[in-house]
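Below you'll find the structure, written out as structure tokens, and then a few comments.
Rule-based calculations on the coordinates, nothing more; no lab input. The shown structure was predicted, so the numbers you read here are calculated from the model rather than taken from an experiment. Don't worry about glycine lacking a Cβ; one is built from the backbone with ideal geometry, like all the others, and counts go over all protein chains shown.
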Amino acid sequence: MPSQPSRELLVVPNPHAHRVYDVEMSSSEFTTLCPMTGQPDFATLTIVYQPGLHLVELKSLKQYLWSFRNEGHFHEDVTNIILEDFVRTAKPRYVKVIGDFTIRGGIHTKVTVTYHADDSETLANAATEL
């Protein structure tokens, strides 16, 4: 049975949770739709994180990223959504999400968002203000 897009990120136990280390994942096939024109926006999406108790399962990450293909999002919005979902699910020590979008209208856009575990209170307060 072929895979399907899904907004469900899955995690597995981190067998080395006692150690601080970086995991870098990159997908050059990320797409979403421009909410103004409906045209596709293409990006290389890179996630660098320091896992806590959990690792993100890679197939679920692929299906999660795929789920944005037919949705309209500004570059800044979709990059922040991915960060927030990643933090909520994996509870990492640190994560950085980079959306490196292809040139559109002569403008190259690269969005970088980060989270540190000690930022959780700040993020929670900001989310309630929205």
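Between the alpha-carbon centres of the stretch 69-117 and the stretch 26-58 there is a gap of 7 Å. Counting other Cβ atoms within 10 Å as a rough exposure proxy, the listed residues GLU8, GLU71 run GLU8, GLU71 from fewest neighbours to most. Sequentially through the stretch 77-94, phi angles give Karplus couplings (6.51, -1.76, 1.60; θ = phi - 60°) of 5, 5, 5, 5, 4, 4, 4, 4, 5, 5, 5, 4, 7, 8, 6, x, 5, 7 Hz, Gly and Pro residues having no value and appearing as x. With the cut-off at under 14 Å, measuring from each backbone N in the stretch 9-25 to a point 7 Å along the Cα-to-Cβ line of ASP85 picks out 9-11.
About its Cα centre, what dipole magnitude does the chain give when the only charges are +1 on Lys and Arg Cβ and -1 on Asp and Glu Cβ, stated in debye to the nearest 20?
Values: 11 positive and 16 negative charges, 74 e Å.
Charge dipole of the chain: 360 debye, to the nearest 20.
For the chain, the 222 nm mean residue ellipticity estimated from helices alone, with every DSSP H stretch of n ≥ 4 adding -39500 (n - 2.57) and the total spread over all residues, rounds to -8500 deg cm²/dmol. The string of couplings for the stretch 32-45 from the Karplus curve (6.51, -1.76, 1.60, θ = phi - 60°) is 8, 9, 5, x, 8, 10, x, 7, x, 10, 10, 8, 9, 10 Hz, one whole number per residue in order, with x for Gly and Pro.
Just the C-alpha atoms of the stretch 39-83: what Rg/Rh do they give, with Rh taken as the Kirkwood radius? Rounded to two decimals, Rg/Rh equals 0.99. Computed from the C-beta positions of SER67 and ARG19 and an R0 of 41 Å, the FRET efficiency is 0.85 to the nearest 0.05.
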